[in-house]
Amino acid sequence: MDIKAEKLYLIEQLARLDDIKVIQQIKDILNSQKEPIAGYKPDGGPITKSELVARARDSNKAIKEGRVISIEDLEKESENW
């Protein structure tokens with residue numbers, strides 16, 4: 001399903017819902033997202049913009065500190081995986 005179809009499905013389900021506790025739980029979930037999702041991690045979990053920026057900063061710091069591995073070394077290492 002594409003995102004529009006998913007949203008429509010949720011709207012239809014929500015319109016039929018009569019349990020106020022479930023409605024409140026849905027509202028709590030929606031309100032708990034202080035920062036919008038910017039993408040998804042390889043495991044499928046969400047990642048926010050601030051998390052992406054923090055990862056980029058950490059990566060830049062590692063590069064400046066010389067904590068890198070050459071492609072050749074990575075290829076050799078990956079042969080043992």
Could you check the simple spin-label distance between residue 9 and residue 68, using points 7 Å along Cα→Cβ, in nm with one decimal?
-> 4.4 nm
Taking neighbour counts of Cβ atoms within 10 Å as a proxy for exposure, in what order, fewest first, do 67, 16 appear?
-> 16, 67
Could you work out the relative contact order of the chain, using alpha carbon pairs under 8 angstrom and six or more residues apart, expressed as a whole percent?
-> 12 percent
With Cα springs under 10 Å, the Gaussian network model of the chain assigns the largest mean-square fluctuation among 18, 28, 58 to 18
Send over the semi-axes of the chain's equivalent ellipsoid, whole angstrom and largest first, taken as the square roots of 5 times the C-alpha gyration tensor eigenvalues.
-> 42, 17, 10
What are the lysines whose alpha-carbon lies under 30 Å from the alpha-carbon of residue 27, with same-chain residues fewer than 8 places away excluded?
-> 4, 7, 41, 49
Can you list residues whose amide H is under 5 Å from residue 48's amide H, if they're 5+ apart or on another chain and H is modeled 1.01 Å from N?
-> 38
Point-charge dipole on Cβ atoms (K/R +1, D/E -1) for the chain, about Cα centre, debye to 20 | 500 debye
Against the longest principal axis of the chain, how steep is helix 3-16, in degrees 0 to 90 to the nearest 10, with axes from Cα atoms?
-> 30 degrees
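Bear in mind that the values in this text are calculations on the coordinates, not laboratory data. Remember, it's a predicted structure, so these values are computed and weren't measured experimentally. We place every Cβ from the backbone using ideal geometry, glycine too, and count neighbours over all the protein chains shown.
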